Amino acid sequence: MKLPPASRKRAAASHALETLGPVIDGSLCEIHRGGSTRWQLTDRPAGKTRTLYVPAARVREVRQWTANWKKAKELLKELSEASREELRAGDGPAAAAPPPRRTAATSRRNWPPSSARGSHT
């Protein structure tokens, strides 16, 4: 079965997101003080700056994590855009069948079922 273009885009972005690896939000900064170099990760959750020391031995790893974070944000935007396209085009599993109609037995007006209603005499 051939998938609609938006569904193929979503599947590709989902797969790429699943295989991305560890992610971390923030900027990796190199700080020079007193003739030595120090690394820290900086971010601003809720507008408040926070920093985290990064050992020199882990800089390469953390740099990859921040790159993964940027890629994850791009992939999430692609997923959102694919969903938007699907909605616009009427593609997708929900478009295949209309929602079931309510019958007298499933109507909210008849809830709870008469068998569950107690007699109040």
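What the Cβ-Cβ distance of SER36 and ALA72 gives, at R0 = 25 Å and to the nearest 0.05, is a FRET efficiency of 0.15.
Between VAL54 and TRP39, GLN40, LEU41, the built amide H atoms are under 5 Å apart, and every one of these is 5 or more places off in sequence or on another chain. Once both labels are positioned 7 Å from their Cα atoms along Cα-to-Cβ, the gap between VAL23 and VAL59 label points is 2.6 nm.
Where a number appears in this text, it was derived from the coordinates with a stated rule and is not lab data. From a predicted model like this one, the values you see are computed outputs, not experimental measurements. Cβ coordinates were reconstructed from backbone atoms using ideal geometry, including for glycine residues, and neighbour counts include every protein chain displayed.
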